[in-house]
1. Can you name every residue in the stretch B:232-241 that is in contact with a Gly (Cβ under 7 Å, 6 or more places away or on another chain), in contact (Cβ under 8 Å) with a residue 12 or more places away in the chain and open to solvent by 10 Å² or more (accessible area, probe 1.4 Å)?
2. Can you tell me which residues in the stretch A:1-20 are among the aromatic types (Phe, Trp, Tyr) and either under 15 Å from A:Ala305 (Cα atoms) or more than 12 Å from chain B (Cβ to nearest Cβ) (or both)?
3. Against the definition (open to solvent by less than 40 Å² (accessible area, probe 1.4 Å), modelled with pLDDT of 95 or more and not β-branched (Val, Ile, Thr)), how does B:Ala295 come out, yes or no?
4. Kindly indicate whether any position in the stretch A:218-231 is touching a Lys or Arg at 6+ places or on another chain (Cβ under 8 Å) and open to solvent by 10 Å² or more (accessible area, probe 1.4 Å).
5. May I ask you to verify whether A:Ala514 is of a type in the set (A, V, I, L, M, F, W, C), surrounded by fewer than 23 Cβ atoms within 10 Å (Cβ to Cβ) and modelled with pLDDT of 95 or more?
6. Considering the stretch A:159-190 alone, what residues qualify as being open to solvent by less than 10 Å² (accessible area, probe 1.4 Å) and farther than 15 Å from A:Val232 by Cβ?
7. Of all residues in the stretch B:415-432, count the ones that are in a helix (DSSP H, G or I) and either over 23 Å from A:Asp173 (Cβ atoms) or under 24 Å from the mean Cα position of the chain (by Cα) (or both).
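The values are calculated or read from the model by the stated rules, or taken from the named source; none is laboratory data. None of these values were measured; they are calculated from a predicted model. No Cβ is skipped: glycine too gets one built from the backbone with ideal geometry, and neighbour counts run over all protein chains shown. Side chains included, ligands, DNA and RNA excluded: accessible areas come from the protein's heavy atoms. Shrake-Rupley method; radii C 1.70, N 1.55, O 1.52, S 1.80 Å.
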There are 2 protein chains.
Amino acid sequence: MPAYQAPIRDTLFVLNEVLDIQHYADLPGFAEASPDLAEAVIGEAGRFASQVVAPINQAGDAHGCIRHADGSVTTPPGFRQAFTQYRDGGWTTLTAPAAYGGQGLPHVFGTILEEYLNSANMGFAMYPGLNEGAISALLAVASEEQKALYLPHMVAGRWLGTMNLTEPHCGTDLGLMRTRAERRDDGSYAITGTKIFISSGEHDLAENIVHLVLARTPDAPAGTRGISLFIVPKFLPDADGRPGARNALAAGSIEHKMGIRSNATCVMNYDGATGFLVGEECKGLSAMFVMMNAARLSVGVQGIAVGEAAYQNGAAYALDRRQGRAPTGAADAAAPADPLIVQPDVRRMLMDARSHIEGLRALAYWGALQVDLAHHGASPEVREEAEDLIGLLTPVIKGFGSDCGFKTAVDMQQIWGGHGYIAENGMDQFVRDARIAMIYEGANGVQAMDLVGRKITAHDGRALRRFVGIVRDACAGADPALAPLALSLSRALDDLDAATGALLKAAAKDRNAAGAGSYAYMTLVGIVAVGWMWLRMAGIAQARLAQGGGNALFYEAKLHCAHHFAQRRLPEAAFLRVQIEAGPDTLMAIPAESFVSAG
Amino acid sequence: MPAYQAPIRDTLFVLNEVLDIQHYADLPGFAEASPDLAEAVIGEAGRFASQVVAPINQAGDAHGCIRHADGSVTTPPGFRQAFTQYRDGGWTTLTAPAAYGGQGLPHVFGTILEEYLNSANMGFAMYPGLNEGAISALLAVASEEQKALYLPHMVAGRWLGTMNLTEPHCGTDLGLMRTRAERRDDGSYAITGTKIFISSGEHDLAENIVHLVLARTPDAPAGTRGISLFIVPKFLPDADGRPGARNALAAGSIEHKMGIRSNATCVMNYDGATGFLVGEECKGLSAMFVMMNAARLSVGVQGIAVGEAAYQNGAAYALDRRQGRAPTGAADAAAPADPLIVQPDVRRMLMDARSHIEGLRALAYWGALQVDLAHHGASPEVREEAEDLIGLLTPVIKGFGSDCGFKTAVDMQQIWGGHGYIAENGMDQFVRDARIAMIYEGANGVQAMDLVGRKITAHDGRALRRFVGIVRDACAGADPALAPLALSLSRALDDLDAATGALLKAAAKDRNAAGAGSYAYMTLVGIVAVGWMWLRMAGIAQARLAQGGGNALFYEAKLHCAHHFAQRRLPEAAFLRVQIEAGPDTLMAIPAESFVSAG
């Protein structure tokens, strides 16, 4: 069975040394997050993930969820006990506001917990994960009464939230939505329709399930501007705010999926269910975007998290499994064969994994810090800059992060050879689980379109200019000992600048041009962003090693990973630029029917 | 349920126009393969694959194979009937020599049949597929008596072969093998040991199963030079050559795998089973290499085949599914949304798929022709050249072909969005099935090492010089209308030349250097080889369009795919070269233990 140890040392390095969160001690929440408390919380989160949640991961995948004839759903063995421990340990309250029973810690702590849980057990992590998203949405747009009624329960983890967007004919294009909401005399709405792919849609982990549902009111305009958001609880709160009458909604079935099988992904049927409008009619989509932006960052973290877990098990196998000899001659002549770790091509996969996962971890935590700064930054300028940066990089963290997580899982399975293909060894579960992160919360192609179609053009390109400027400054200010790294990164920046110019110029002439280059562009921004994190981390490692403190192996490994990324990934920027500059012509040339006819 | 139509038009294009097989009509087997016969055979193979084998693919995956208490194994519903039809249709005899009941058609026809079967149902295709490999090995190294006893049954498909190499502790490194073979007085051997991952190891499709087993005789030298090859039949042939006494071997279990679940991958226990030596003692590995080289080409074809099936279903969905609008404005204003095919990023994935799969199909068929020429070429020079080229490109067709097949399956699943993650839609099966082709018959990293460690250095680099020379000549002789294509390919060749020089120079100093660059090198040779095929295909398409015959859409699509590959894949050569030139330093720097400790 795969094992998992939370990378606490690396987390603390990013938090304390790279992001220097003590620097923000004057902001709400950060004051409470003293270094001692941070270390205690993170250590405990790591232990919980490794010891309670990871051990039920593989069996949960094999067992799946069971829907009974009455529509109730049982989660896999051990999930209920583990979630009870999770709730009783106060983990659902970590970053929520104190007003609703939360601990009010910075968002970055939620991201760390999220990483650990998803590494340990992605299917499990999605139960509290969807709740977090629902809490953010209600915090942003619900009325004070609604917040008072629902949030204390949700923050405490007694009630869990979901998000209901997709319908059978309506995924990316939410304007096609058909679920109806008809206003009743008492101000509530009757919700009728079918939603699919509803993660954590029905289960046995909570007293109540709070569905956030997008639906269309009778006279609403067509398209996305006619969509409203509703709270549709499984049990309607009674006069005391306790779960009362059963609402007219049910899980019609559980989807059979490639992975994340321990999460109950449901078809949800609403049959005149009672719903409560959140915010105003026809303003549902903007409310849902609050939830989706948070969810997109979370999905990027899921990719990184599964990649980390796969890496740990790939590395362990490479040290354990003995086949063949080192190219330089027997490394362990007394044994019949050397461990795989002596093979350069096995190390290529491990170094690719480390340099991507550790780099992306830093980027994801940095992103979480920007979310905090966007809300609580000391000045409007700080808040605007943070908002710009996280807006720009949300699709990149989601898309590039999940792509790299999946690639890592595939590579780590590869190290296991034929044994990686055998279900009992658990490596294929990482691949199957990681795969969904590239698809849901907006497929990665949709993220790429969000980046090129909206994020790099908004405010006349202000966010991208800020980002490129920051990375340029980092290159210019780099320790001379890191010159090759800084050079590699600044060359990638040159390619990014050129690619941006080419893309925008082509898009002005041909509206297919943005989409034709979007995926390569997202990848290009991703490698620049991760390269920037490596330059920052290498700078710190270089300084620590010069000071001669302890942990030399840790800091040396950081330098090696940074150079690996600079030598073997950043140069892809030039290739990505060529793809972007190629434009849409070969893509759009073939008539649609020729794709399906034998010609 | 996914559908599959054999790409007969494309097959005939490669066979008749690209490879011009009529040109070889004076060689054995080719004379019989008249254009009419070829078209009839290929058409019938396509119908069989599409109509008989494809419909049982998805249910076979869901159902899997069942091992009963007595060790017998039942294949999924419909498999036995389909295999009976396959055998009765004479498909097992297609390329086997007439002396053993075969039709003696060129090897390339076997490759075409193999492609269609694997597209339709990879788990099914592996039952006859392993038999083909076993037949090749026996043809190459068995005694006349053994051939006469076994081959007529195997060619007729009444008995099916397997190959038994892997043991629990011994995969890539066959020198660690422990299965024992002790000579008995009657000249037979007692075989004892456990083999794992044995494809088609036990089933209900044939009267008898002919296991080819590698084992070690008592006084044999250590390592691979002590391995011998044995025929170990499930039922010992009686005096009349019919299945007689049950041999002391059994399937101990069926592996639970990520994919190819309809193939019975068995743990085989040999408990003093009677085996018959093939060839000489301690010469087993070279015999097995005959089988492995054929099998490696077949695995490359499997990757391409599953990629093709996934492509067809990705394209069909892109034309059918309606979400959103074309970037250029509504393409079908009367409908609520446009089909996905209007989206440039969806077309990017489809064009990537086509340009890789169609290019690799041409390369695989070309490779099969080289196998024919290596055996039957008119002169020693022709045979040597063919041997050189197919020896060089076998690891590339296996490794790069299966990588591209998997990538294609993942991309096509991506087009389906969330619906691609749902088991009932079948797109995840393509991903799970294609995954194994990167692993078995030598993991792709092992293929890469074979390429850089043996193939490019043998005979002082003769094979690579030949290959590069042929591609250079093709660039120089290209139609001026195809200048951008030829330029893109010759730039990739320049990168290949530089990378080769860098790799060999570094390897002379540091024995880790070859492995450090091997994977990127394999990919680089792969894109050059496929790029060469596109230049050839584009040349023909260009000429046909100039002549103004029919099929303009087909030939125009070929040109678009060629340009797509030239613009978006060939430029990766420069990036791969950079990776190769980076050398082994960052890979080997971190101490082994640091990969598994938190530092």
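1. Scanning the stretch B:232-241 gives B:Phe235, B:Leu236, B:Pro237.
2. Scanning the stretch A:1-20 gives a single hit, A:Tyr4.
3. No.
4. Within the stretch A:218-231, the subset touching a Lys or Arg at 6+ places or on another chain (Cβ under 8 Å) is A:218, A:226-229.
Subsequent filtering for residues that are open to solvent by 10 Å² or more (accessible area, probe 1.4 Å) retains A:218.
Yes, the conditions are met somewhere in the stretch A:218-231.
5. Taking the combined requirement at face value, the residue does not satisfy it.
6. Taking the stretch A:159-190 as the starting set, the residues that turn out to be open to solvent by less than 10 Å² (accessible area, probe 1.4 Å) are A:159-162, A:164, A:167, A:170, A:177, A:179, A:181, A:188-189.
Once the filter is applied, which keeps residues that are open to solvent by less than 10 Å² (accessible area, probe 1.4 Å) and farther than 15 Å from A:Val232 by Cβ, the stretch A:159-190 yields only A:Cys170.
7. As a first pass, look at the stretch B:415-432 and keep what is in a helix (DSSP H, G or I): B:415, B:417-421, B:423-425, B:427-432.
Then keep just the ones that are either over 23 Å from A:Asp173 (Cβ atoms) or under 24 Å from the mean Cα position of the chain (by Cα) (or both); that gives B:423, B:427-432.
Residues that pass the stated criteria total 7.
Okay, residues lined up against (1) open to solvent by less than 20 Å² (accessible area, probe 1.4 Å); (2) farther than 30 Å from B:Ile231 by Cβ; (3) of a type in the set (A, V, I, L, M, F, W, C):
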site	(1), (2), (3)
B:Ile21	yes, yes, yes
B:Ala40	no, yes, yes
B:Gly43	yes, yes, no
B:Ile56	no, yes, yes
B:Ala69	no, no, yes
B:Phe83	yes, no, yes
B:Thr111	yes, no, no
B:Gly123	yes, no, no
